[in-house]
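None of the figures in this text is laboratory data; all of them are computed from the coordinates on show. Small disclaimer: the values here were computed from a predicted structure and weren't measured. Methodologically, a virtual Cβ is constructed for each residue, glycine included, from the backbone with ideal geometry; neighbour enumeration extends over all protein chains shown.
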Amino acid sequence: MTATAAGEPLLEVEDLRVRLRTPRGPASVVNGLSYSVRRGETVAVVGESGSGKSVSVLALLGLLPARVATVTGAARLDGEDLLGMSPERLRQVRGPGVGMVFQDPMTSLNPVLTIGRQLVEGIRAHGEVSKAEARERAAGLLTEVGLPDPERALDRYPHELSGGMRQRVVIAIALSNSPSLLIADEATTALDVTVQAQILDLVEKLRTDHGTGVIWITHDLGVVAGIADRVLVMYGGRCVEDGTVDDVLERPAHPYTRGLLGALPDLATADEGELATIPGTPPAPTDLPTGCVFWPRCPVRGDARCETEQPPLQVVGAGVTKGLPHRAATWCGEGGAR
Amino acid sequence: MSTVSLGKGGAAAAAHGEVLVSARGLEVHFPVRSGGPLRRTTGVLRAVDGVDLDVYRGETLGLVGESGCGKSTLGNALLRLVPPTGGTVTFDGIDVTALGRKQLRELRRRAGMVFQDPFASLDPRRTVAQTVSEPLEVHGLHPGRQARAARVQELLQLVGLDPAVATRYPHEFSGGQRQRVGIARALAGEPDFLVCDEAIASLDVSIQAQVLNLLRRLQRQLGLTLLFISHDLSAVRHIADRIAVMYLGRVVEVGPAAAVAAGPQMPYTRALLSAVPVPHPELERSRQRIVLRGDVPSPSRVPSGCRFRTRCPDVFEPCPDVDPALQPVGSAPGHVAACHLHGVVGEPVRREQPDSPVDAGDPAARPVA
């Protein structure tokens, strides 16, 4: 699974910041996010609503309206700067470079066009292909994502398919130009667990067969445990902890990560006691606390700097596993026992 | 629709005490109409199709299943929020399907509902106090404005809200707080029975835990009986005493939560549980998921015999021909499942009906010899 350390960096993000103009004042949605994704690697971005996980990827792809969003920092896809790109170049890059899958397949598919037409459109937009050829490739893609009877499915409309089938179609569209990077934003959240299992298997296969880099945005730590090589935990627009999936989920260092894991009812351990809870609610991006973003909810705050100074990401625990440092942004360090 | 196995439920009833809510052969069928001006009835959608289920007083029964399996409709039918088209529902010994207006109002007081979406289920133009006191007014409880206001304060405290929020409007609250308001309203009539339909589904993980803990505390404190409907098996395993699994309109397995979670006896339950990801990387990577073939059949074209047979990895001869009844399985008392692997028990399928949907063309439906 983790033969990825050797992979070359595909996407590099440095100090990404996104500010949005909102009716309630400026919102600092992403506040200095740095990470990289290598070929064939799956990076999971975890966080609750409002943590900035979706906005951070929309910003990379120029999908935020320029009127309300200010994006700063640097992002390189295959060495090419994404943030300074012209809209035309960005369009060229998005298809073959990056495929995106959003949460709700019904809103990302056009309800009045057949599945075939939507797939063919994507294929022809990025290559000199005849209609017949494109249609053949579309059928091939549907077979690859495990849609039964792909030839017939091409002539169907989205409403004729079930939720799991639709999400497969969306994934097929995202893959239609063999992107080197696949971004999935809560792609299986609306699906039943049995269908989710099918989709996760599919993504795993793509990654191993094609060396696709994957950014998997989710709040489901169970899904993360199964598919990710690396995890990035976001809170209040920042990465508060990152490292290999084993380090972050089995040896969490940040009080927030520990809180999230403690709050999760766990089928594997079937602990029937009270769930640990994180008091309060996540901060609004229009009104972030000064100091550490997590301190108002933090159960172990005790350092004088908590309320005044944002802790930097520092190497914690065993340090570096498989070439990846395990880092957390907390003043409480090793002392903040679980 | 046979209730053979539930004769043995006597032992379970003794262990669990008295039955509060009971469904027998419960059916909720909706007509499927054609498009066009005639809107002819072209079929029947069997949302709930022959459910036998008991909810014991003081327990939390978790009801799980995939979307479209009929779990919400079943919850609604138990409260008569949708009229059953067949079978019976009794609440504390009273036949719910035959209630008159006045008695129905009393049922509404004694059996409440917590809805999924706290954004949609609260009236945006009413303050928290108005929302929570409405049931008090309707049922004539705590008469007098002051008494009602005092009761509202009490209810808000009960669900962990500051009574000072009574004058505020829903938009001023976060999702978790709104769900607490929804729970306070549901508790206003001092109900015996509460149906929580995906009550935590739209909340963030850290907030879900708060609401789960609250429901559990309330259940113990007030001696409530809960039907906790959810697609989240981990949450159900955590909160429920017993788990009922639904597939395509039918309850296919019921038993003590630990027994169902650790030793599922019906292939569908097994597949469902194996698909739930757990937050332990090593365990998760080494786990063998049972990936089911295909999609859930439409509830308007229910396969003959066992309705899971079209996707079942263990399908064999009797599956298309005998509609399995719930029968005792495993070692835990009160653990029942509708599966021929435990012995062929049930009603033979009547073949003479030409309209019985036997999808012979489905390759997955062919019995594996």
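Below, the figures for the structure above:
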{"item": "³J(HN,Hα) computed for each position of the range B:198-206 - Karplus, 6.51 cos²θ - 1.76 cosθ + 1.60, integer Hz, glycine/proline x", "result": "6, 5, 10, 4, 9, 9, 5, 3, 5"}
{"item": "Segment A:Gln314-A:Glu274, length gained on full extension (0.36 nm per residue, minus Cα span)", "result": "11.2 nm"}
{"item": "On Cα atoms only, tilt of B:128-138 relative to the major axis of chain B in degrees", "result": "80 degrees"}
{"item": "C-alpha long axis of helix B:145-158 to longest principal axis of chain B, angle in °", "result": "50 degrees"}
{"item": "Chain B - Debye-derived log10 I(q)/I(0), Cα point model, q = 0.08, 0.09, 0.15 Å⁻¹", "result": "-0.44, -0.55, -1.34"}
{"item": "Dipole magnitude (debye, nearest 20) for the protein assembly as shown, charges at Cβ of Lys, Arg, Asp, Glu", "result": "1640 debye"}
{"item": "With Cα atoms, 0 to 90° folded angle of helix B:101-110 axis to chain B main axis", "result": "80 degrees"}
{"item": "Cα gyration tensor shape of chain A, rounded if a/c is under 1.5, else prolate or oblate by comparing a/b with b/c", "result": "prolate"}
{"item": "For the protein assembly as shown: rounded, prolate or oblate by the Cα gyration tensor [a/c cutoff 1.5]", "result": "oblate"}
{"item": "Under-5 Å amide H pairs with B:Ile243, H placed in peptide plane, nonlocal only", "result": "B:Gly62, B:Gly255, B:Ala257"}
{"item": "The range A:257-338: mean projected area of Cα convex hull, nm²", "result": "7.1 nm²"}
{"item": "Part-to-part distance (alpha-carbon centres) for the range A:134-208 and the range A:276-302, which is given in Å", "result": "38 Å"}
{"item": "Long-range amide H partners of A:Thr22 with built H, under 5 Å", "result": "A:Ala27"}
{"item": "Geometric extent, Cα atoms of the range A:128-264 - Rg, Dmax (angstrom)", "result": "17.5, 56"}
{"item": "Cα-based shape type of the range B:113-162, given that a ≥ b ≥ c are square roots of the gyration tensor eigenvalues and the cut on a/c is 1.5", "result": "prolate"}
